[in-house]
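Asker: Handing you this structure, nothing more for now.
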Amino acid sequence: MIARRNIIPVFVPHLGCPNNCVFCNQNRISGEKVSATPETVGKTILEGIAKIPENSNIELAFYGGSFTAIPVEEQNELLDAALPFLHDGRIESLRLSTRPDAIDEEILDRLKTYGVRTIELGAQSMCDEVLYLSGRGHTAMRTEKSACLIKEHGFELILQMMTGLPGDTRERTIETARKIIALKPNGVRIYPTVIVENTPLCDMWREGAYKEHTVEEAVDWCAAVLPLFEEAEITVIRLGLNPTEELSGGAAFGGAYHPALGELVKSRLLLNKARALLSENAHDVNVVLHVNASDVSAMTGQKRSNIRTLCDEFKLKALKVSSYEIQKGKVILG
Ligand code: SF4
């Protein structure tokens with residue numbers, strides 16, 4: 001488990017990236033067209049601090065590129081720009097995201113001297129065929145080695161995985177989740193694949209070489225892996241791309257883009273739990289399901305979709321969802 005922190009993001013879109021992963025266009029995904037520079041880092045921190053309540057834990061994060069693959073001098077200049085804020089306590093820690101093949105002992109030792117606490121590694125898939133078809137340029141074994149090295153050096157490790165990349169299947173996604181769990185990260189981000197404008201994936205999709213990972217498919221696959229992370233007590237700190245004006249305004253051409261994807265998955269998980277309950281227990285044609293007050297809407301589903309599904313599947317006359325003093329995520333028969 002990791003303590004809640006307020007992150008001030010500093011974007012370095014595509015800096016350091018040695019190749020073009022087929023799904024990626026950081027300028028469209030993050031909405032940031034230009035990279036941060038040592039001169040802009042301080043300004044971004046001050047603007048970020050102004051929006052965060054006092055006495056919060058603040059972490060500065062370099063996102064959107066392969067930070068440790070940027071030429072070392074440039075990395076150091078960006079980190080140097082953050083140091084005064086770290087030293088006077090206005091920010092508590094530093095975080096960065098990078099690629100598995102841009103990690104080694106020397107890099108980690110240098111990051112330690114700068115006080116970097118958290119490293120986010122883009123694993124994306126633990127299946128080599130999926131990595132190859134997605135143009136990642138590294139193997140799953142490389143991710144395993146780098147993840148272990150990061151932990152051995154005492155950093156917090158966040159692993160990012162994607163669902164629905166070229167060559168991916170539901171089984172491969174589940175296998176990826178299991179292999180990621182085995183690496184014992186401190187947290188995980190799950191990004192179902194979105195077809196973003198001006199990417200090789202968008203071309204592949206137009207040419208029929210890639211089948212879209214629909215919202216429905218993403219909800220089903222994520223609902224299959226989320227309980228695995230929960231069981232292993234690994235926090236999923238993000239599910240789905242952050243909705244941005246850029247993506248919602250048309251840059252997301254297709255795929256699993258939904259501004260409330262996490263809510264849809266939560267709703268599916270509760271539906272699956274209710275299904276299991278109704279299958280395993282004798283019940284009347286009028287059923288009441290008790291859930292935590294914060295789960296009533298997700299249990300009901302968008303436009304009452306879960307109620308309709310359960311009534312159809314179990315030939316119910318009526319199904320009521322009622323709030324009850326139980327743990328979030330639990331469902332019991334009334
Ligand atoms: S996914 Fe990561 S490594 Fe690949 S192009 Fe995007 S930012 Fe670079």
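Asker: With no other cysteine's Cβ closer than 4.7 Å, which Cys residues of the chain count as lacking a disulfide-compatible partner?
Answerer: Unpaired cysteines in the chain: 17, 127, 148, 202, 222, 311.
Asker: With just the Cα atoms defining each centre, how far is region 102-127 from region 202-221? Give it in Å.
Answerer: If we compute the Cα centre of each part, the gap is 31 Å.
Asker: Given the DSSP H assignment, sum -39500 (n - 2.57) over each helix run of at least 4 residues in the chain and divide by its residue total; what's the result at 222 nm in deg cm²/dmol, nearest 500?
Answerer: Counting only the DSSP helices, I get -12000 deg cm²/dmol.
Asker: Also: Could you tell me which helices of the chain pass both thresholds, a Cα extent of 27 Å or more along their own axis and a mean Kyte-Doolittle hydropathy of at least -0.5, with helices taken as whole DSSP H runs?
Answerer: Numbers: long enough: 261-280 (29 Å, 0.26).
Flagged H segments are 261-280.
Asker: Something else now. Restricting to lysines 8 or more places apart or on different chains, can you count the pairs in region 6-259 with Cα atoms under 21 Å from each other?
Answerer: The number of close lysine pairs in region 6-259 is 9.
Asker: Next question, about the same structure. Return 145, 51 ranked ascending by Cβ neighbour count within 10 Å, so the fewest neighbours appear first. Present the calculation step by step, with values, prior to reporting the outcome.
Answerer: Numbers: 145 15, 51 8.
In increasing order of surrounding Cβ atoms, one gets 51, 145.
Bear in mind that the values in this text are calculations on the coordinates, not laboratory data. Every value quoted in this text rests on a predicted model; they were computed, and no experiment measured them. With ideal geometry, Cβ positions are generated from the backbone for all residues, glycine too; neighbour counts draw on all protein chains shown.
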